[in-house]
Amino acid sequence: MANGPELSLLWSEEFADHHGGEVLEDIWNFDIGDGASAGLVGWGNNELEYYTKDSVSINGDLVISAERLTPDSGLSCYYGPAQWKSGKIHTAGKIGFKHGRIEIKAKMPSGVGTWPALWLLGANLLDGVAWPHCGEIDILENTGAHPFQVQGTIHGDGYFGENGLTKIIQSPTALSSDFHTYSINWTPDAIEWFFDDLCYNTINRADVETQGKPWPFNQEFYLIMNLAIGGWFAGDVDPELKSAELHIASISYYSLDGVGELILH
């Protein structure tokens with residue numbers, strides 16, 4: 001970030017020294033189940049996991065653990081007995097972010113069929129504005145089938161799903177081999193994506209709006225972190241895979257040259 005904007009820390013979570021190992025529920029919500037109760041069977045993506053609260057823990061890092069289940073686990077999904085359980089947490093209705101820099105230091109899981117994601121959704125989703133109109137910012141998505149792949153994307157009305165505005169680069173080493181910092185610099189007129197100190201993608205508001213498409217990114221968003229299994233994006237799951245872990249060491253949120261607002265509910 002040499003010669004970059006002036007950063008001022010507004011909020012952080014450092015999981016190495018953390019409140020007796022408890023996930024703070026005044027910050028984080030837990031999604032539970034297969035999405036059916038939210039009207040998103042398979043979480044809208046044909047995913048295989050059943051999200052549980054006990055799949056998220058703090059042990060030096062925040063750890064989201066995916067585990068293959070036996071048919072007698074007692075958890076039922078839209079397709080029958082749940083094949084996997086995993087974890088998903090988010091800050092909706094508790095902490096919001098509007099512009100600024102978000103940095104997440106994380107180590108990806110390994111295994112074909114894993115789908116970790118660090119991402120943001122427009123908070124107006126909570127008021128009934130449907131996806132993709134609410135906007136989505138993917139700080140990082142990865143799949144175990146592409147262990148070197150770093151991908152940052154935005155979704156909005158007219159550019160969502162497979163048509164999201166995105167860029168992919170390749171890491172020299174597998175993302176599961178070590179911690180990396182995944183970040184965005186988010187201003188009213190642009191979003192930049194960083195892999196460690198490398199800025200690898202910039203999307204400008206003017207370029208989107210010139211195509212007649214909206215820019216829904218000048219409002220409050222909330223943060224989501226999850227480890228999905230299978231689904232259309234991740235593809236088939238390695239039948240030999242039994243478990244996987246997404247590790248998050250820290251999250252930091254800064255203003256950029258004074259631009260950035262932490263919203264506490």
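Brief remarks follow.
- Of the residues G96, G60, G152, G113, the single one that is at pLDDT below 95 and either closer than 18 Å to I229 by Cα or not polar (S, T, N, Q) (or both) is G60.
- Leading residue by the ranking (least open to solvent (accessible area, probe 1.4 Å)) among those in region 214-235 that are of a type in the set (F, W, Y) and assigned to a strand (DSSP E or B): F221
- Cβ-Cβ under 9 Å pairs, at least 6 apart or on other chains, region 200-222 side within 16 Å of W119 (Cα to Cα), far side open to solvent by less than 20 Å² (accessible area, probe 1.4 Å) and part of a helix (DSSP H, G or I): Q219/A123; E220/A123; F221/A123; Y222/A123
- Those residues of region 145-201 which are hydroxyl-bearing (S, T, Y) and open to solvent by 20 Å² or more (accessible area, probe 1.4 Å), in sequence order: T166, T173, S176, S177, T181, T187
- Test: residue in region 249-259 that is out of contact with any strand residue (DSSP E or B) (no Cβ under 7 Å at 6 or more places or on another chain) and more than 30 Å from S177 (Cα to Cα): yes
- Here H99 fits the description: at positive phi and either touching a residue at least 24 places away in the same chain (Cβ under 8 Å) or open to solvent by less than 40 Å² (accessible area, probe 1.4 Å) (or both).
- Inside region 132-142, residues that are open to solvent by 10 Å² or more (accessible area, probe 1.4 Å) and assigned to a strand (DSSP E or B) make up a count of 2.
- Residue in region 236-248 that is polar (S, T, N, Q), open to solvent by 40 Å² or more (accessible area, probe 1.4 Å) and within 30 Å of N59 (Cα to Cα) present: yes
- Elements of type strands (runs of 3 or more DSSP E) in region 42-82, at least 3 residues being hydrophobic (A, V, I, L, M, F, W, C) and either closer than 22 Å to A234 by Cα or open to solvent by 30 Å² or more (accessible area, probe 1.4 Å) (or both): 61-68
The values are calculated or read from the model by the stated rules, or taken from the named source; none is laboratory data. What you see is a predicted model; the values in this text were computed from it and never measured. No Cβ is skipped: glycine too gets one built from the backbone with ideal geometry, and neighbour counts run over all protein chains shown. When the accessible area is computed, the model is the full protein with side chains, heavy atoms only, and any ligands, DNA or RNA have been set aside. Shrake-Rupley method; radii C 1.70, N 1.55, O 1.52, S 1.80 Å.
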